[in-house]
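Readers should treat all values here as calculations from the given coordinates under stated rules, not as data from a laboratory. In this text, all values refer to a predicted model and were calculated from it rather than measured experimentally.
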Amino acid sequence: MPKQQLTKHKCGAHIITALDRHRAAIPVTLDPYPLNPTGEAQALKQGRHTYQARDYGQGRRRAHHIRQQPAGKVTVLTTHRCDQPIPHDWIATPKPRKVKPNNQEVNF
């Protein structure tokens, strides 16, 4: 399995399949929407696990991770549950990209 894949689940929802890098590379199924801090708290309250997106597998978040790097500063995803979509108020708003002006002079 590559680092992560965006696929469709058997329930028809879009999901990310990835490896849990802390638990012997066990495959995990995640909803593809990054969470805000409230969304992460609500997901944990529902009994879902949360993961921080990393280059080589997803790292499961514990209390010290949440304190040190809250959702929004890092990309946090939650486990998928069929027929239980993530509410819109849990999803982090995208950060605007900083546009660098291209003001280089061209030598002719």
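Within the chain, what percent of beta bridges assigned by DSSP are antiparallel, to the nearest 5? Please list the in-between numbers first.
Numbers: 17 of 19 bridges.
Restricted to the chain, the bridges split so that about 90 percent are antiparallel.
When the helices in the chain are scored as -39500 (n - 2.57) per DSSP H run of 4 or longer and the sum is shared across all residues, what 222 nm value do you end up with, to the nearest 500 deg cm²/dmol? Each step should come with its number before you reach the end.
Working: 2 runs with 15 residues, N = 108.
The helix contribution divided over the chain gives -3500 deg cm²/dmol.
How high is the relative contact order of the chain? Use alpha-carbon pairs under 8 Å, at least six apart in sequence, and give a whole percent.
Numbers: 161 pairs, mean separation 29.3, N = 108.
Computed value for the chain: 27 percent relative contact order.
Applying the Karplus parametrisation 6.51 cos²θ - 1.76 cosθ + 1.60 with θ = phi - 60° to the phi angles of region 49-54, what ³J(HN,Hα) value in whole Hz is obtained for each residue in order, glycine and proline being reported as x?
These are the phi-based 3J(HN,Hα) values: 8, 10, 10, 9, 5, 10 Hz.
Convert each backbone phi in region 62-79 into a coupling constant with the Karplus relation 6.51 cos²θ - 1.76 cosθ + 1.60 (shift: θ = phi - 60°), then list the ³J(HN,Hα) values in order as whole Hz, x for Gly and Pro.
With the stated coefficients, region 62-79 comes to 10, 4, 5, 5, 5, 5, 6, 9, x, 4, x, 7, 10, 7, 10, 10, 10, 5 Hz.
Answer with a single label: of (i) 1.66; (ii) 1.35; (iii) 1.29, which was calculated as Cα Rg over 2.2 N^0.38 Å from the structure in view?
Recomputing Cα Rg over 2.2 N^0.38 Å here gives the entry labelled (iii).
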